[in-house]
Amino acid sequence: MSSRPLLAARGVTRRFGDHVALQRTDLDVRPGEALALVGPNGAGKSTLLAILAGALEPSEGTVERADGVRSGWMPQRPAHYGRLSPRQNLELFAGLERAGDPAELLARLELPTDDRSSASLSVGNRQRLDLAISLLSDPHVLLLDEPTAALDPRQRRRLWETARGVRDAGGAVVLVTQNLEDLEHVADRVAALLEGNVVFDGAVAEYRTSEAAGALS
Amino acid sequence: MKAPWLILRKDLLVLRRSPALLAVLIAYPLVIALLIGLTAAYANAKPRVAFVDLDGIPHRLTVAGQSFDIDNLIDDVAKNVEIVRMSKEQADRQLASGRVAAVVTVPQGFVADLRGLVSSPHLTLATGSGGITPRVRQQMQALVYNLNLRLQKAFIEADIKYVDLLRHGGKGRVLGHDFSIIGLDGTKRLLATMPDSPQKRKIDEFVDDARLALALTGNAIRATASPIVLDEEKGRGRTSLLSAQVQAYGLAITITFLGLLLAGGALAAERDENAIGRLVRGLVGLGQLVVAKVALAVTVALCLGLAILVGFGIAVQAGNVEGGEPWQRIPLVLIGVLLAGAAVGAVGALVGTLARESRTASLVGVLVVLPVVFLGLVPKEIVPAAAWISDAFPFVHAVRFFASALYDSSPWKTIARETAWLVGLAAVYGGLARLSVRRLAV
């Protein structure tokens, strides 16, 4: 495993008006690891993930990206066009990502291929569509925000397989989760956040016995 | 520039998949244009004027030997007002409540003065204040002028009859007295029977001169009564419904509504759909996003503008309207549509970035569009401030561009000026939208 991080947050802070969502934070995402961001609601996990994804600018600090690193981001809320069908959404984002034909992804993730609008799909299907969009660029780093929250057990297993595939190929996975199963099946490192501060950063096994886990449970 | 094109194509696809929304977006501005047209037509409707007859004018009145049907006469000359007969009390009450715009009163003694011709009979006009009062006053002056013209003709014809009596002799009636005269012709015949003498020859010469002079009197009286005559040629102008101005306003209103609502709504919708986060991750620049929304406004404006121009042209051709449709000018108008669409789209993009939500953007769009359109309709001569404010928005410049491009014989000066305005406004509002669009990504 290379020690050079694929993504690195350096002194990243994020404020929304007077509210500080994320205190000054340093975090490395290295190749071959799956990092779980855990913590209670409002701890700053999704904010940190969005900043790592480049979807949100930090108020202070920077995010360093290794040369040529591609990342895929799946936010917690659906982030696609509700009036377009899943195929049309994938074709649009494939065009923007300069990716190839998305038909294979459409089939692999078992997304509806008819002309129904994406807004009419179930929450789980919309979540899978977002996952498909995040995979379009064949990313080195996969950033997932509560990815299994609305998935059935079978789809959950498929998602874990996908995440492990990215990690095992020398990439990295960062996932925000409240689900202990995600830790068990995907993560090998945990960063716990509380009120915008990283209060724990270590291996999953260490986390289970840490004070942070007890405080957050 | 592939990214803005993909976003534009996506927005057009979203529109195509939202037929109800598209129908409303197209129908709404057309309905507004129609309502404005009807309002303008109403502004030209006949004002209601009360007619109070305190003298009891008979239905048929004989003046200067000519008989007038009073009701027909009033209907005939009151082309621009609706005359309603009523009592003085009713008229006063309706004037006070604004149900009539003015009251014309025929005072007692009017008919006697008219018949006597000793002094001019008077009518009294009472009006409200402000609003259409100046127009009603003008129309009533026109009505009195028309009545005077009819009476004048009657008096002239009566005078000419007296002249004819003097020339040819016969029976007549003046101020209730009947008379019979031999006239100049009879005098000439009588002189012919008399013996020649210097006195007879002088009388004979006078009779010849008088006959010659009086023969020209009729036309001379008519000419001096109406030194200038206005001849009206019917049906030479284009009906107002199909006028250049209506076409220009219809186009400009439609483009303003559509461009502003579409660009603003579509930009704010990127945030509503939570897609903006994906786009700003290096897929689409914020400036490119503004360009895509302006391009959306331009594309829709061009499609709808062309449809309106063709539809209008077909109506003009089918109706065989004077002047026809200037088909060869349509490419020039479409350049104006493109510029206006860009300027309006830039305003819409700014609204979208400030509103941040598509529903708010649509509401703000409507709230902005209506005053902008109505300000553009206020004549500069009446409220100069309205014209200055209106200059800061694309609507009025689009109207001037379209009207000039369609029908001015040499439109280039106006087109150059309005092009500069539209390009400038597009740049200013587009720049502001670019500065403000960061708000969507937060």
Checklist line | Surrounding net charge for A:Leu129, when Lys and Arg each add one and Asp and Glu each subtract one, Cβ distance under 13 Å | finding: +3
Margin query: Taking every pair of distinct Cα atoms and averaging 1/r, then inverting, what Kirkwood hydrodynamic radius in Å comes out for the protein assembly as shown?
Written below: 32.5 Å
Next item on the list: Please give the direction-averaged projected area of the C-alpha convex hull for the stretch B:270-405, in square nanometres with one decimal.
Entry: 10.4 nm²
Next item on the list: Please find the FRET efficiency linking B:Ala213 to B:Leu123, where r is the Cβ-Cβ separation and R0 is fixed at 51 Å, and quote it to the nearest 0.05.
Entry: 0.85
Note to self: For a quick check: sort B:Ser409, A:Ser120, A:Ser134 by the number of other beta carbons within 10 angstrom, fewest at the front.
What the structure shows: B:Ser409, A:Ser120, A:Ser134
Check: In a GNM of chain B with a 10 Å cut-off on Cα contacts, which of B:Tyr28, B:Tyr429, B:Tyr162 has the highest mean-square fluctuation?
Finding: B:Tyr162
Next item on the list: Taking the Cα atoms of the stretch A:71-217, report the difference between the largest and smallest coordinate on each principal axis, in whole Å and largest first.
Entry: 50, 31, 29
Next item on the list: Quote the Stokes-Einstein diffusion coefficient, in whole µm² s⁻¹, for the stretch B:351-441, based on the Kirkwood radius over alpha carbon pairs, a temperature of 4 °C and a viscosity of 1.567 mPa s.
Entry: 88 µm²/s
Checklist line | Angle between chain A longest axis and helix A:123-135 axis [Cα atoms, degrees, rounded to 10] | finding: 80 degrees
Check: Roughly speaking, what is the centre-to-centre gap between the stretch B:341-415 and the stretch B:247-275 when only Cα atoms are used, to the nearest Å?
Finding: 13 Å
Next item on the list: In whole Å, largest first, what are the principal axis extents of the Cα atoms in the stretch B:47-145?
Entry: 41, 25, 23
Next item on the list: Take each of the peptides B:274-280, B:332-338, average the number of other beta-carbon atoms within 10 Å over its residues, and list them starting from the highest.
Entry: B:274-280, B:332-338
Note to self: From the helices alone, meaning DSSP H stretches of at least four residues, give me the mean residue ellipticity at 222 nm for the protein assembly as shown, per-run term -39500 (n - 2.57), in deg cm²/dmol to the nearest 500.
What the structure shows: -18500 deg cm²/dmol
Notebook entry, point to check: Expressed in nm to one decimal, what extension gain is obtained for the pair B:Lys202 and B:Arg150 from 0.36 nm per residue of sequence separation less their Cα-Cα distance?
Noted result: 14.6 nm
Check: Per residue of A:51-61, how many C-beta atoms from partner chains lie within 10 Å of its own C-beta, taken as a mean?
Finding: 2
Margin query: As a test, work out the antiparallel percent of DSSP beta bridges whose residues both lie in the stretch B:47-145, rounded to the nearest 5.
Written below: 45 percent
Next item on the list: Report the residue, chosen from A:Leu159, A:Leu96, A:Leu109, that carries the largest GNM mean-square fluctuation when chain A is represented by alpha-carbon nodes joined by springs under 10 Å.
Entry: A:Leu96
Note to self: Per residue, how big is the convex hull of chain B when only Cα atoms are used? Give it in Å³.
What the structure shows: 215 Å³
Check: Between exposed GluC sites (Glu not before Pro) in chain B, where DSSP calls loop and at most 12 other Cβ atoms lie within 10 Å, what's the longest gap?
Finding: B:1-231
Next item on the list: Give me D for the stretch A:79-138 in µm² s⁻¹, whole number, from Stokes-Einstein with Rh from the Kirkwood sum over alpha-carbon pairs, 25 °C and 0.890 mPa s.
Entry: 222 µm²/s
Note to self: Among A:102-108, B:257-263, how do they line up by average Cβ neighbours within 10 Å per residue, starting with the highest?
What the structure shows: B:257-263, A:102-108
Checklist line | Space enclosed by the convex hull of the alpha-carbon atoms of the stretch B:108-222, per residue, Å³ | finding: 125 Å³
Note to self: Pick from B:Pro195, B:Pro384, B:Pro134 the residue whose mean-square fluctuation is largest in a GNM of chain B, springs joining Cα atoms under 10 Å.
What the structure shows: B:Pro195
Item checked: Residue order, fewest to most beta carbons within 10 Å, for B:Met194, A:Met74, B:Met140, B:Met86 -> B:Met194, B:Met86, B:Met140, A:Met74
Checklist line | With eigenvalues of the C-alpha gyration tensor scaled by 5 and rooted, the stretch A:29-86, Å | finding: 22, 17, 14
Next item on the list: At 18 Å minimum axial length over the Cα atoms and a Kyte-Doolittle cut of -0.5, report the qualifying DSSP H helices in chain B, or say none.
Entry: B:2-16, B:19-43, B:133-168, B:244-272, B:286-318, B:330-355, B:358-377, B:394-407, B:412-436
Notebook entry, point to check: Quick one: which of B:102-108, B:216-222 comes out on top by average Cβ neighbours within 10 Å, and what's the full order, highest first?
Noted result: B:102-108, B:216-222
Item checked: Contact order relative to length of chain B, as percent, for alpha carbon pairs under 8 angstrom and 6 or more apart -> 15 percent
Next item on the list: Measure nothing fancy, just the Cα-based angle from helix A:86-97's long axis to the longest principal axis of chain A, in degrees from 0 to 90, nearest 10.
Entry: 60 degrees
Item checked: Extended-chain gain in nm, criterion 0.36 nm per residue less alpha-carbon gap, B:Trp327 and B:Lys79 -> 85.7 nm
Check: Whole number please: convex hull volume per residue of the Cα set in the stretch A:153-217, in Å³?
Finding: 90 Å³
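Readers should treat all values here as calculations from the given coordinates under stated rules, not as data from a laboratory. Computed from a prediction, not measured in an experiment: that's the story for all the values here. Using ideal geometry, Cβ is built from the backbone for each residue, glycine included, and neighbour counts are taken over all protein chains shown.
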